[in-house]
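In what follows, a single structure is set out as structure tokens and then discussed.
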């Protein structure tokens, strides 16, 4: 198959530095929209993007999950009654894929039980009662000469998309022979500001670690994709990346530009077949959060015990971006940040792709991007499709959601329809814009799952 | 150290709000908002029509809206299928139907037309043909004489300057030498003028083989027969209640485009293709056909351009382009499809106006293109990402 990607000039997306006139013209006009469809959403970031990331300490016990994904096996390293220091191992990985977890603060293990996470349901957890002394483990010296892969695994760095430990993502990418690395800092979903704050506050480290990861991956290009509209951030990153081999791509940010498939289409003009991954074309797309966590692990030699997340929504009093200990119950987090009135909707993640919290006792995990609390639910009363075509115009991949929705009641579907179903990115834009308030995205997702299970019964076992 | 006090709010999450599929926020424009905005702009156009044509126009609009609402309620009872948001849609259908009628039409025309629009247009065709236009073309066939639009040299009334809103169209008098609405006319007792509709003039011009005047064809037409261009801009010519005022229709359309409920491609293509068709299509002058009428220059005046301009503003086409063609249900889903759809409407309108005998040519053109919407949608699908090769 080959690479499918040539090193084409992407000058319409990358800021052309060599011609000052063109550059200023580019600054004036902005980049052109790089894919069909998409929508500029009201982003609700004005408040949270201006507040610096704050460390949020929560009183009360932490329910630290002992594993990061349900299928990654670990064994607990602590027993009930142990006193642990900050950064101490709570669990050891038992397989190559798995990663260890660490204590976010010093304290006593009071119980080994289970904690609800929105993405995995119940996971085994250690309930840690903090003593408030924040005693840290003495800096470990043994990993200095270890490889990057081992360091990432030992420090428990997690990647949110694909949702796997970063070291296994990198190993897989190296095995697949990637040629391009894209660091995805687009964050086009409303309310989310964690990536933006990280770009502002840790610009130097991001470039350093991107170079290191690019070395480890052996890629020929490393691209950092930034939203064009934050021009000062773009300028800063350009200055930072000057002379390094990280390219800065300032891009327009209509909504699903943060999706890896759309990003690859826009940056490298390479289309991925429905159901495929970006890895098939020799590209790896890493979210910025994973890169920042890798910076903490590689540069500071610290285990990952905190995650940077946005707490926002109209039911939140002091919306902002916070550094929160993994294992903090969402409830305590919300009460600490402050609530206004009644919470009618609690969402983990962005408002368009995030998951409803599912359980009142949900806890923060390493891949939690945001906690959004809304004071109204926006009930929808669907009416029959009015053929306005908004979903068709805005769909980032060009499928026809209303016609795919009719497959819901069908017993089977053709191969073409199946490939259209698989092409869907689950970005939720069709449901967002639908004036008839039809649950388009949800239905497509459900129908696809049903047909996939029908076609491959082996998957069920 | 960072510190926030505990605040007023409490963590009260109800069970049912803990679930639910993404997206958790919605765009906020529902079908109700769309229809409401259309009703708003249609009533603005109607309001101007009432000012121009007097209380008779108001009666027709109110009667058609009322009948549409009653018919829709009846349909809901008969079909036992009550739906949300049906009432505003019926109001919009009735209003748009009323806008296409001339103010001189008798009230029973409005009643019958609204009923047909709702029962046949919405009930039978399910909204895939523009319901209001279905009603319009049917009453056109039923009540040819009362609508008094066909036939040679039929004059229609327009209120005189002092009688706007309150004048009676029945007291209008034919004017021998019409110099435009603003020019004082010799007869002072009449509450209005009776002149030919500009569309009728254009049709007569192209179909009756106008004898040349000093070797000029277009110049006498523009100078003597057609009203001044300002009149067609402000709607001071006879015609349907909402058909005549170009300025008001453009404002309405721009507002809809601004709100995102109408794609700019549609009216632009309708008008552009109509202008192109009128510029090219041959007209029957003197002894033979003349192609490219837009290029005509007579006595140093670009009369060809004026001729094309009158085709656009003389009535129906503006209403069709801005308020009727862009009906959400009955127009293609994609902007690309709407380009084809709009081009079809423009060309067909001019074609039927020049060579056909049907009245309401723009309405027929829209209905014909509505019937093709399914085909256009099928042909103009978007390429799916990753499936192009």
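Just so you know, all these numbers are worked out from the coordinates, no wet-lab data involved. Source: prediction; values computed, not measured. Methodologically, a virtual Cβ is constructed for each residue, glycine included, from the backbone with ideal geometry; neighbour enumeration extends over all protein chains shown.
Some values worked out for this structure:
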quantity: Relative contact order %, the range A:390-460, counting alpha carbon pairs below 8 Å whose residues are six or more apart; calculated: 35 percent
quantity: Inter-centroid distance (Cα atoms) of the range B:157-179 relative to the range A:149-198, Å; calculated: 76 Å
quantity: Under the Debye formula (equal points on every Cα, no solvent term), log10 I(q)/I(0) of the range A:347-442 at q = 0.12, 0.20, 0.24 Å⁻¹; calculated: -0.49, -1.05, -1.23
quantity: Global form of the range A:205-273, assessed from the alpha-carbon gyration tensor, a/c cut-off 1.5; calculated: oblate
quantity: Cα gyration tensor shape of the range A:131-241, rounded if a/c is under 1.5, else prolate or oblate by comparing a/b with b/c; calculated: oblate
quantity: Packing-based exposure ordering (other Cβ within 10 Å, fewest first) of B:290, A:332, A:102; calculated: B:290, A:332, A:102
quantity: D (Stokes-Einstein, µm²/s), Kirkwood Cα radius, the range A:390-460, 1.306 mPa s at 10 °C; calculated: 129 µm²/s
quantity: Mean-position separation - Cα centroids, the range A:389-461 and the range A:309-343, in angstrom; calculated: 34 Å
quantity: Stokes-Einstein D for the range B:142-298, Kirkwood Rh over Cα pairs, 10 °C, 1.306 mPa s (µm²/s); calculated: 90 µm²/s
quantity: In range of the label at residue B:268: residues from the range B:317-356 whose backbone nitrogen is under 12 Å from the point 7 Å along Cα→Cβ; calculated: B:336, B:339
quantity: Prolate/oblate/rounded label for chain B (Cα gyration tensor, a/c 1.5); calculated: prolate
quantity: Degrees, to the nearest 10: B:198-207 long Cα axis against longest axis of chain B; calculated: 60 degrees
quantity: Within the protein assembly as shown, percent of DSSP bridges classed antiparallel, to nearest 5; calculated: 65 percent
quantity: In degrees, nearest ten, helix B:31-53 long axis to first principal axis of chain B (Cα); calculated: 30 degrees
quantity: Relative intensity, log₁₀ I(q)/I(0), of the range A:62-129 from a Debye sum that treats every alpha carbon as a point, q = 0.11, 0.22, 0.24, 0.25 Å⁻¹; calculated: -0.22, -0.86, -1.00, -1.07
quantity: Hypothetical label at residue A:455: residues of the range A:405-437 whose amide nitrogen lies under 15 Å (7 Å Cα-Cβ projection); calculated: A:407-408, A:411-425
quantity: Ranking of B:125, B:205 by count of other Cβ atoms within 10 Å, fewest first; calculated: B:125, B:205
quantity: Cα-based helix-to-principal-axis angle, B:361-371 vs chain B, degrees rounded to 10; calculated: 30 degrees
quantity: Between the range A:210-276 and the range B:101-121, the alpha-carbon center distance in angstrom; calculated: 60 Å
quantity: Debye equation applied to the C-alpha atoms of the protein assembly as shown, log10 I(q)/I(0) at 0.10 Å⁻¹; calculated: -1.06
quantity: 10 Å Cβ neighbours from other chains, averaged over peptide A:338-345; calculated: 6
quantity: Expected 222 nm ellipticity per residue - DSSP helices of 4 or more, -39500 (n - 2.57), all of chain A, to 500; calculated: -8000 deg cm²/dmol
quantity: Which of B:163, B:363 has the fewest Cβ neighbours within 10 Å, and the rest in rising order; calculated: B:163, B:363
quantity: Contact order normalised by residue count of the range A:34-94, Cα under 8 Å, 6+ apart, percent; calculated: 25 percent
quantity: Within 10 Å of each Cβ in A:356-364, the average number of Cβ atoms from other chains; calculated: 3
quantity: Over the range A:308-356: Rg over Rh, Cα atoms, Kirkwood Rh; calculated: 0.92
quantity: Residue-averaged [θ]222 nm for chain B, counting only DSSP H segments that reach four residues, each worth -39500 (n - 2.57); calculated: -15000 deg cm²/dmol
quantity: Chain A: relative contact order as a whole-number percent, Cα under 8 Å and 6+ apart; calculated: 18 percent
quantity: Spacing of the two label points (7 Å from each Cα toward its C-beta) at residue B:288 and residue B:379, in nm; calculated: 3.5 nm
